[in-house]
Structures are given as C-alpha cells and as structure tokens.
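The values are calculated or read from the model by the stated rules, or taken from the named source; none is laboratory data. Nothing here was measured: the structure is a model prediction, and the numbers come from that model. All Cβ positions, glycine included, derive from the backbone under ideal geometry; neighbour counts span all protein chains shown.
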Amino acid sequence: MTSSNQDGLPFSADEDGVTLAVRVTPRASRTGLIGMHAMTDGRFALAIRIASPPAEGKANIALIDFLADTLGVARSAITLRTGTSARLKLVRISGDGPALAARLASLL
C-alpha cells in the first residue's frame, strides 16, 4: 500500500482529492480518531476506531460515515480502494485536494 507522502503524513493530495491510509480497529467502545499508526515499513496510517463489527461491511460503512462527517464531504465522495476486508485500508476522497489535505492535517 503506497499512500503516505514524503512528509510522513498518512495521505497524499492531488487536485482531485486525497488518498488516505487508514488503520481501523472495529468493535471499539465508540467511534473516533485515535491518532497516527506507524507501520513496519516506516509509513504512517490514520488510526481510527469503529464501534461497528467488521461483519457484512458494517465497519467499512461506519468508516465512510465517520470520514464524511469529520471532513465535511458527501459519503459518495469516499471510496475504499484497497483493504475492504483488512484493518489497513486505502481510502480515496474526491474533492478539492488541497482543502481536504488541510483538513486532514488539522486533525493530526
């Protein structure tokens, strides 16, 4: 999974949106942002806990809902590129890339 840029951030931006690396912990007591997760290869992912179980894609739906609410974008602007059945996911968020990057940076 190649998603973090040279600055050690869990996302990379272009003019059409951002690509974000996310590490999800399902079945948490509540949904929320944990912080940054350092991967063994030196890259980073945004760590998010999700209250929903991973069964039947419920955690993925909850992740999309959380990201949409947190970043102020439509749910339809968010797609899972990889990792639909894994904890480590690559998420694409369509929209104004620099503005989304600034919102994500403010969360860190």
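In region 61-108, of all residues being in a loop (DSSP other than H, G, I, E, B) and either surrounded by fewer than 16 Cβ atoms within 10 Å (Cβ to Cβ) or of a type in the set (D, E, K, R) (or both), the one that is modelled with the lowest pLDDT corresponds to Leu108.
Each row is one residue, and each column tells you yes or no for (1) at negative phi; (2) touching a residue at least 60 places away in the same chain (Cβ under 8 Å); (3) out of contact with any Ser or Thr (no Cβ under 7 Å at 6 or more places or on another chain); (4) among the acidic types (Asp, Glu).
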{"position": "Leu71", "(1), (2), (3), (4)": "yes, no, yes, no"}
{"position": "Arg75", "(1), (2), (3), (4)": "yes, no, yes, no"}
{"position": "Leu88", "(1), (2), (3), (4)": "yes, yes, yes, no"}
{"position": "Gly95", "(1), (2), (3), (4)": "no, yes, yes, no"}
{"position": "Leu100", "(1), (2), (3), (4)": "yes, yes, yes, no"}
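Regarding Gly57, is this residue closer than 15 Å to Pro10 by Cβ, surrounded by fewer than 16 Cβ atoms within 10 Å (Cβ to Cβ) and out of contact with any helix residue (DSSP H, G or I) (no Cβ under 8 Å at 6 or more places or on another chain)? Taking the combined requirement at face value, the residue does not satisfy it. Here is a check on your reading of the model: is Thr31 closer than 18 Å to Leu107 by Cβ and touching a strand residue (DSSP E or B) at 6+ places or on another chain (Cβ under 7 Å)? Yes.
Summed over region 7-45, the residues that are in a strand (DSSP E or B) and either within 17 Å of Asp96 (Cα to Cα) or β-branched (Val, Ile, Thr) (or both) give a count of 12. The criterion of being on the phi < 0 side of the Ramachandran plot and free of Cβ contacts under 8 Å to residues at least 24 places away in the same chain does not hold for Ala105. Pairs are defined by a Cβ separation below 7 Å, a sequence spacing of at least 6 or placement on different chains, a first member in region 28-45 that is within 13 Å of Phe66 (Cα to Cα), and a second member that is outside any strand (DSSP E or B) and of a type in the set (A, V, I, L, M, F, W, C); the pairs so defined are Arg30/Ala51; Thr31/Ile50; Thr31/Ala51; Thr31/Ala62; Thr31/Phe66; Leu33/Leu107.
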